[in-house]
Amino acid sequence: MFDYIVVGGGIVGLSVSYELLKQKPDAKLLLLEKEDELAKHQTGHNSGVIHSGIYYQPGSYKARFAKAGNESMKAFCEAHGIDFDPCGKIIVATKEEELPLLQNLYERGQQNELVIKKINQDELRELEPHVNGIEGISVPAAGIVNYKQVSEKLGELIREAGGEILLESPVQAITENPDEVVVETKRGNYKGKLLVNCAGLHSDRIAKMAGYHADLKIVPFRGEYYKLKPEKRYLVKNLIYPVPNPDFPFLGVHFTRMIDGEVEAGPNAVLSFKREGYRKTDFHVKDLGETLMYKGFWKLAGKYMKEGLEEMKRSFSKGLFVKSLQELIPEITEDDLISAPAGVRAQALLSDGSLVDDFQIIDGKRSIHICNAPSPAATASLQIGEEISRRIFALKS
């Protein structure tokens, strides 16, 4: 009998496991991961940004956990010798009509108690000489890291603390009894006092297996990237973001210097036909069928029809993708870019067509389900671990 069974070996599941063992060193913990390695999906395809929390609703989990996670992630990396760079980022207004939106974002950052600064065109050019902008916000707390390396270190610490990690162990069934939870996998059945669902792209399915039918469904959105050829990396010094489009629920294409020196450009946001569909040709009948049969998807599609079509066009037209990038850096040409690996965002969608805006945590009788943890979940992962631990120990007290 395990004290805790954690489902999902991405950075959130690893952080939860790490924190539970830190709070209760004598606990018996089992982490189940369906793949043959840790952090293979959202975490392993992450752009590596240590977010500041500027975008998120004041008081929300995302705002609070990103701000605190920015500090705790850097401290964790410092303590364990993981390379990171607190390089900062700029958010750039490229046209006059974006200035009120930039001001709103600046005020939100202040509400979230961030150290940020409004900067003029000359100051923008000092930070990023090739950027096209009339005004911006400097966000010095933002940084970059390799979250796969963070995850590997977390896995190592979990094992050192006595936790057990089983790979290639997809969950097939869950039975929640009054005094235990039974988890069936292809490698065997395991009993625990409490289950924590950190299954990311499959979190809604795991919740449903455990008997919790929440009014949400995970809809996968693929984010496609290009990267700058090595000889063109000088065009981007650190992180360059646009002012978010208020008519679209994603941040828009931006430039990200990676910890290994590469520079990524993107992403767009298009519906993936498979929950782990990193290529345009990836397709899964069940995954796509669930999306298309969900009324919330069609309500969302109707609301964002114009923006969604533009994203699809950019997916198939490098020229249109480059045109979007040129709004931030006019010098970029098609020849400067080569294809880079895509990522898939596990976004929870409600039946009324609205996207779940915050991290979603559902308390069961003998289980806790993290059913919406897209970006900035990697940045916030240690804080999510603390929150899950707090809930568990509050239940017991």
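Throughout, read-outs are computed from the coordinates displayed, never taken from laboratory work. None of these values were measured; they are calculated from a predicted model. Don't worry about glycine lacking a Cβ; one is built from the backbone with ideal geometry, like all the others, and counts go over all protein chains shown.
Using Cβ contacts closer than 10 Å as the measure, can you line up Ser317, Ser324 from fewest to most?
Working: Ser317 11, Ser324 19.
Listed from fewest to most nearby Cβ atoms, that is Ser317, Ser324.
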Convex hull of segment 162-211 built on C-alpha atoms - directionally averaged projected area, nm²: 3.8 nm²
Cβ charges +1 (Lys, Arg) and -1 (Asp, Glu), total dipole of segment 262-390, debye: 720 debye
Dimensionless Rg/Rh of segment 271-386 - Kirkwood Rh, Rg from C-alpha atoms: 1.03
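Helix-only estimate, please: 222 nm mean residue ellipticity of the chain, summing -39500 (n - 2.57) across DSSP H runs of length 4 or more and dividing by its residues, to the nearest 500. Intermediate results must be reported in sequence, preceding the final value.
Numbers: 11 runs with 132 residues, N = 397.
Helix contribution divided over all residues of the chain: -10500 deg cm²/dmol.
Going by C-beta contacts inside 10 Å, put Arg222, Arg187 in order with the fewest on the left.
On the way: Arg222 25, Arg187 13.
Lowest to highest Cβ neighbour count: Arg187, Arg222.
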Inter-centroid distance (Cα atoms) of segment 304-366 relative to segment 232-291, Å: 5 Å
Whole-angstrom gap from segment 75-130 to segment 191-219, using each part's C-alpha centre: 36 Å
26 Å Cα-Cα threshold exceeded, pairs from Lys229/Lys318; Lys208/Lys295; Lys22/Lys191; Lys67/Lys323: Lys67/Lys323
Relative contact order of the chain, pairs being alpha-carbon contacts under 8 Å that are 6 or more residues apart, as %: 24 percent
Sequence-distant residues sharing a close amide H with Val344 (under 5 Å, placed H): Gly223
Packing-based exposure ordering (other Cβ within 10 Å, fewest first) of Cys87, Cys198, Cys77, Cys371: Cys87, Cys77, Cys371, Cys198
